[in-house]
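Right, one structure below, let's go through it.
The values are calculated or read from the model by the stated rules, or taken from the named source; none is laboratory data. What you see is a predicted model, and the numbers here were worked out from it, not measured in a lab. Cβ coordinates were reconstructed from backbone atoms using ideal geometry, including for glycine residues, and neighbour counts include every protein chain displayed.
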Amino acid sequence: MLDSVFVLHRQAYRESSQLLDLYSQTQGRISAIHRVSKKKPALQPFTLYGIQLAGKGELKNISQVEALSAPFTLHKQSLYCGFYINELLQRLVRKYESNTNIFTYYQQALEILATTEEQEPCLRRFESQLLNELGYGFSWQQDNQGQAIQNDGYYLFDSESGFFKNPALQYGAETSFQDKGQSLGFSGAVLNAIAHEDWHNPETWKVAKQVMRIALHPLLGDKPLVSRSLFQASASKN
């Protein structure tokens, strides 16, 4: 039986092969070598493949491969978003830890990126799903005391404990706490909108991105994301 996989990263290997970082439906993240020929073209990102592996070592060879679906066609911003979620899986998911939920969420994210313009909500949803599956999830609807987020409250966020009330901002003060240039005084009304995936208010996009960056930072560390640098470079040209 063929194992369903997506290509997360690829690079040339020797004269006519690819060294691939794959996400497998049954095995999680794996590495494999694919020999390229006229009958076996190079494997591409954002395409669902079925493969069979051969070999006894950790780095196996792909002995059989076939495309199981048409490629997800990503353009412009969606393409960089695709690179971003690929890089998240590479950086955050350990090898050979199977998780069929992550595989499903990844495939769903590609479908959304390929068919809609809702890139930001798609990324925030995938980031949240990934953190939940890795054991680092948090609630957008409750604070760290288990109390419901109040629309008229203001909250700080910590990657370990989640949201907690910010007493200095409980009564509508306009000042906000600063940490590395990011505001940590989040409106409860905005947090509740994010929890219900109500993206009509542009502030929800901004706040969701800030919170997820804080949540992901301890896991990603200070090493820059290549995909984020590519996106920023592209945006500066437009």
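Summary of values
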| item | result |
| --- | --- |
| Boolean, E117 is of a type in the set (D, E, K, R) and within 12 Å of the chain's Cα centre (by Cα) | no |
| Matching residues in region 90-148 - criterion: being modelled with pLDDT of 95 or more, among the β-branched types (V, I, T) and touching a helix residue (DSSP H, G or I) at 6+ places or on another chain (Cβ under 8 Å) | V93, I102, I112 |
| Filtered residues of region 66-115 (kept if among the hydrophobic types (A, V, I, L, M, F, W, C) and more than 21 Å from L225 (Cβ to Cβ)) | A67, L68, A70, F103, A114 |
| Residues being of a type in the set (A, V, I, L, M), touching a residue at least 24 places away in the same chain (Cβ under 8 Å) and farther than 23 Å from Y106 by Cα - total across region 10-62 | 1 |
| The listed residue being under 21 Å from the mean Cα position of the chain (by Cα), part of a helix (DSSP H, G or I), under 21 Å from F126 (Cβ atoms) and at pLDDT below 90, out of L219, L191, L230 | L230 |
| Pairs where the first residue, in region 205-231, is farther than 17 Å from L92 by Cβ and the second is polar (S, T, N, Q) and at pLDDT 95 or above, C-beta under 9 Å, 6+ apart | A208/S128 |
| Test: residue in region 175-183 that is more than 18 Å from F126 (Cβ to Cβ), modelled with pLDDT of 65 or more and surrounded by fewer than 17 Cβ atoms within 10 Å (Cβ to Cβ) | no |
